[in-house]
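S.K.: Structure below; questions to follow.
The values are calculated or read from the model by the stated rules, or taken from the named source; none is laboratory data. Keep in mind the model is a prediction, meaning the values are calculated, not measured. A quick note on method: Cβ atoms are made from the backbone with ideal geometry, for glycine too, and the neighbour counts reach across all protein chains shown. Surface accessibility is based on the protein's heavy atoms, side chains included, excluding ligands, DNA and RNA. Shrake-Rupley method; radii C 1.70, N 1.55, O 1.52, S 1.80 Å.
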Amino acid sequence: VQNAAVLHRTLVQVTREVGWRLRKTGLCATTVRLKLRWADFTTLTRQVTLDTPTTQDQVILTAVQALLAQVWRGQPVRLIGVGLSGLGPPAAQLSLWGTEEDKGQHLQEALDALRARFGADVVRRASELDN
């Protein structure tokens, strides 16, 4: 794939699947990894460690997009993968007032419940839609 829009949609879909599996296990991740294989079969991986453990697709996607922006220069991509490591139990910090992270977590839980009940494609981001 050499088209940036197709690459982005694929990255969103793969990130959503990885995030879903992470949440199903009840774990959080601290490290996000991107794997790319170019048309000539050269393979590279890049990773970043997050400030706080996460289970949220958007946090994972933002980290992966930043890694992709560092290495992709428009060349054809044969394989793209997203991985997580530094897995552990979620650390809950109670707050008197809801934070942005709490809102994101509640949104993610609602999306997961909808997908579990009605199927994986019941709710999608606009960036995942074909133009």
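S.K.: Once you place label points 7 Å from the Cα toward the Cβ at Leu114 and Thr25, how far apart are they in nm?
M.R.: It is 2.6 nm.
S.K.: Another one. Using the beta-carbon distance between Gln70 and Lys35 and R0 = 22 Å, what value does 1/(1 + (r/R0)^6) give for FRET efficiency, to the nearest 0.05?
M.R.: My answer for the efficiency is 0.95.
S.K.: Is there a quick way to get the dipole size of the chain? I mean about its Cα centre, with the Cβ of Lys and Arg at +1 and of Asp and Glu at -1; what is the value in debye to the nearest 20?
M.R.: So the dipole magnitude of the chain works out to roughly 440 debye.
S.K.: Per residue, what accessible area does the chain have, given a 1.4 Å probe and all protein chains present, in Å²?
M.R.: About 63 Å² of surface per residue is accessible.
S.K.: Nearest 10 degrees, 0 to 90: what angle lies between the long axis of helix 57-71 and the longest principal axis of the chain (Cα atoms)?
M.R.: 30 degrees
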